[in-house]
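Just below is one structure, and these are the notes that go with it.
The values are calculated or read from the model by the stated rules, or taken from the named source; none is laboratory data. These numbers come from a predicted model, not from an experiment. Positions of Cβ are generated from backbone atoms using ideal geometry, with glycine treated the same way; all protein chains shown enter the neighbour counts. Side chains are part of the model used for accessible areas, which takes the heavy atoms of the whole protein and leaves out ligands, DNA and RNA. Shrake-Rupley method; radii C 1.70, N 1.55, O 1.52, S 1.80 Å.
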There are 2 protein chains.
Amino acid sequence: MNAGFIGLGIMGAPMAANLLKAGFPLAVYNRTPSRCGPLQALGAVACETPAEVARRSDVVVTIVSETRDVEAVLFGPDGAAEGLRPGSVVIDMSTISPAATVEFAARLRAQGVDMLDAPVSGGESGAIEGRLSIMAGGPREAFDRCLPLFEAMGRKIVHTGGNGNGQRTKLVNQVVGSLNLLAVVEGVRMARAAGLDPNVTLEAVGGGAAGSWMWSNLGPKIFAGDFAPGFSIRLHQKDLRLAKESLEELGLDAPGTALLHRLFTEALDRGLGEQGNQGLFNLWS
Amino acid sequence: MNAGFIGLGIMGAPMAANLLKAGFPLAVYNRTPSRCGPLQALGAVACETPAEVARRSDVVVTIVSETRDVEAVLFGPDGAAEGLRPGSVVIDMSTISPAATVEFAARLRAQGVDMLDAPVSGGESGAIEGRLSIMAGGPREAFDRCLPLFEAMGRKIVHTGGNGNGQRTKLVNQVVGSLNLLAVVEGVRMARAAGLDPNVTLEAVGGGAAGSWMWSNLGPKIFAGDFAPGFSIRLHQKDLRLAKESLEELGLDAPGTALLHRLFTEALDRGLGEQGNQGLFNLWS
């Protein structure tokens, strides 16, 4: 199976590397071409357009920042749609609007191409170690066919239903994860102000009913003053905007998510956008 | 080592049972005497007052609801202090005010008795299975001496520093756990409104960066409409009040914890106090 990969950011680059390591021939494209170099060294073919990636591939993976970026790499000038053959599959692993996803899938279906929306969770470390959680929506048959690729990138791989359900599940994931992150931020602020020992606190709180991935992975970084991204405040704010829009469409009042959207927007306004999302802590420092 | 146990609630009863199963001779007291029966069947001696428990014990464990309840069973009429011998130890495993804890420890010290504040996390299931997280503050020597008792009740046992630090660590734990719980509530509401499959969503979200004890343990209960306590809304609201007071004393603005305190107070006002804390979900149903 020839694979293509579009979008070599913090998440995409290690995910593409894992496809190469698993033995998939890989064509890659990135808006900033220099990011292709390390993957070429692993055997990837660098392409000049998404269309060229698509011409070389049975399955094309996209993972870019925003809904409009997915639209551009699929349907823009020299977009993947120009090179896709009937019977091929597009797997969009970005986190974008569920409604737009459903529309993109219909446009691809009209040219005989299946789409899977398959956003991920697990952060940069999960991407590097091939331990991502992958939430896929779309035709079951296409999901089954693409499973070997998913297994090269993730550990918890779930088919969530039709197109859009992958993105809907991911937004649930972001609502939950965002509040878990605020939990870490307020807990660490309180522990520090109370003069508690960081390592003892990390161990004690991580071991009971307050334990979480966020506490175990981002708690130590905040205590250590490490605000490098993993997952940036800018992208996290974008996900919370999508979640807020989705909650509004569903008619739900969700005060926790609304608070998180306000806090991340404030962090963006204060110039913290390129910090890791644990930099939410710096709103109060 | 003769042990005593005061307070046989949802948490206390299985914790006392685990001390008996580990071979400690145990004297027990509960305000409602009928709760002593199952422990007598396991070999415990039921006492009529906390003072009588103390007279029979080298180490007295207390786990009751509120700061004033701890004060009553220790220092009230027929309280444990009347029966404690110099060299014995009081372990208070309730979640109460750190400042009051420091004061109680000083009063006990004046009669030659060490105190450990050792609140727990891990819920009813953790208490039953002896898998609690225990956050102990107080003299290191007393902690070391009591370790065999702790090991009969918990798995993650941490010495957090001097008296009060156990309670301070527990309040950090409650801040973190409360926000993780709101995360579950908003995530489940969103998933249900979006028509996502409960089991698929539980699996997908639990496997990545949004995973938490709360998601894994209370998420399935909420999806199933099971609002039985574990840990009640009434007690959770009390912990959030303590956390809020502590944050104010520390001069910290913590909007997430403030929101949770408002929501749990509203749940209490609406008569949900005896539901499990996952009943926070019912504020919107």
Discussion item. In Å², and per residue, what accessible area does the stretch A:3-163 have when probed at 1.4 Å with the other protein chains present?
Written reply: 37 Å²
Fill in: Loop trypsin sites (Lys or Arg not before Pro), the stretch B:182-285 (other Cβ atoms within 10 Å of the site Cβ: 16 or fewer; DSSP)
B:Arg270
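Could you grab the relative contact order for the stretch A:168-283? Cα pairs under 8 Å, six or more apart, rounded to a whole percent.
On the way: 118 pairs, mean separation 41.0, N = 116.
This gives 35 percent for the stretch A:168-283.
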Worksheet item: Per residue, what volume in Å³ does the convex hull of the Cα atoms of the stretch A:7-47 enclose?
Response: 52 Å³
Response to the item:
Here FRET efficiency (C-beta to C-beta, A:Leu42 to B:Ser125, R₀ 45 Å, nearest 0.05) is 0.45
Worksheet entry | Accessible-area value, A:Ser285, 1.4 Å probe, nucleic acids and ligands omitted, Å² | 100 Å²
Fill in: With 5 Å bins from 0: P(r) over the stretch B:190-275, alpha-carbon pairs, percent
3, 13, 17, 17, 18, 18, 10, 3, 1
Discussion item. So the label point sits 7 Å from Cα along the Cα-to-Cβ vector; using that for A:Leu252, what distances do you get to the other copies, in nanometres, sorted shortest first?
Written reply: 2.8
Practice prompt. Identify, for chain B, the residue whose C-beta comes nearest the rotation axis onto chain A, and round that distance to whole Å.
Written response: B:Ser212, 2
Discussion item. For B:Gly195, place a label point 7 Å from Cα along the Cα-to-Cβ direction in every copy; what are the distances to the other copies, in nm, shortest first?
Written reply: 5.8
Worksheet item: Using alpha-carbon positions, what is the distance between the centroids of the stretch A:122-150 and the stretch A:43-79, in Å?
Response: 18 Å
Worksheet entry | On Cα atoms only, tilt of A:12-21 relative to the major axis of chain A in degrees | 60 degrees
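How would the stretch B:3-163 be classified by its alpha-carbon gyration tensor: rounded, prolate or oblate, with rounded meaning a/c under 1.5 and the a/b versus b/c comparison settling the rest? Could you put the intermediate results ahead of the total?
On the way: a/c = 1.43, a/b = 1.09, b/c = 1.32.
Rounded shape, in that the Cα axes give a/c under 1.5.
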Worksheet item: Could you give the dipole magnitude of the protein assembly as shown about its Cα centre, charging the beta-carbon of Lys and Arg +1 and that of Asp and Glu -1, in debye to the nearest 20?
Response: 480 debye
Worksheet item: Mind listing the Cα extents of chain B along all three principal axes, in Å, largest one first?
Response: 61, 46, 34
Discussion item. Do any residues of the stretch A:154-172 show a loss of at least 40 square angstrom of accessible area between the isolated chain and the full protein assembly, using a 1.4 Å probe, and if so which?
Written reply: A:Lys156, A:Val158, A:Thr169, A:Val172
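For peptide A:252-262, what's the mean number of Cβ atoms from other chains within 10 Å of each residue's Cβ? Walk me through the numbers before you get to the answer.
Details: counts 7, 4, 7, 8, 11, 6, 2, 6, 5, 0, 1.
The per-residue average across the peptide is 5.
Charges at C-beta only: +1 for Lys and Arg, -1 for Asp and Glu. How large is the resulting dipole of the stretch A:168-283 about its Cα centre, in Debye rounded to 20? Write out the running numbers ahead of the final one.
Working: 11 positive and 12 negative charges, 28 e Å.
In total the dipole reaches around 140 debye.
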Practice prompt. Calculate the dipole size of chain B relative to its Cα centre from +1 charges on Lys and Arg beta carbons and -1 charges on Asp and Glu beta carbons; express the result in debye to the nearest 20.
Written response: 260 debye
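Over chain A, what relative contact order in percent results from Cα pairs under 8 Å that are six or more residues apart? Write out the running numbers ahead of the final one.
Working: 529 pairs, mean separation 37.9, N = 285.
Computed value for chain A: 13 percent relative contact order.
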Worksheet item: Per residue of B:237-246, what is the mean number of Cβ atoms on other protein chains within 10 angstrom of that residue's Cβ?
Response: 1
Worksheet item: For A:Arg270 and A:Arg140 in the same chain, what is the full-extension length gain: residue separation times 0.36 nm, less their Cα-Cα distance, in nm?
Response: 42.4 nm
Fill in: For B:Asp269, label point 7 Å along C-beta direction: distances to other copies, nm
2.8
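Remind me, relative contact order of the stretch A:3-163 in percent, using alpha carbon pairs under 8 angstrom and six or more residues apart? Numbers along the way, then the final one.
Values: 345 pairs, mean separation 31.8, N = 161.
The normalised contact order for the stretch A:3-163 reaches 20 percent.
Of A:Lys21/A:Lys244; A:Lys238/B:Lys170; B:Lys170/B:Lys221, which sit over 27 Å apart, Cα to Cα? Can you show the working numbers first?
Working: A:Lys21/A:Lys244 38 Å; A:Lys238/B:Lys170 34 Å; B:Lys170/B:Lys221 24 Å.
Pairs exceeding the cut-off: A:Lys21/A:Lys244; A:Lys238/B:Lys170.
Taking 0.36 nm per residue of separation and subtracting the Cα-Cα distance, what length does fully extending B:Glu82 through B:Arg262 add? Don't jump to the answer; show the numbers that get you there.
Details: separation 180, 0.36 × 180 = 64.80 nm, distance 3.98 nm.
So the chain would gain 60.8 nm between B:Glu82 and B:Arg262.
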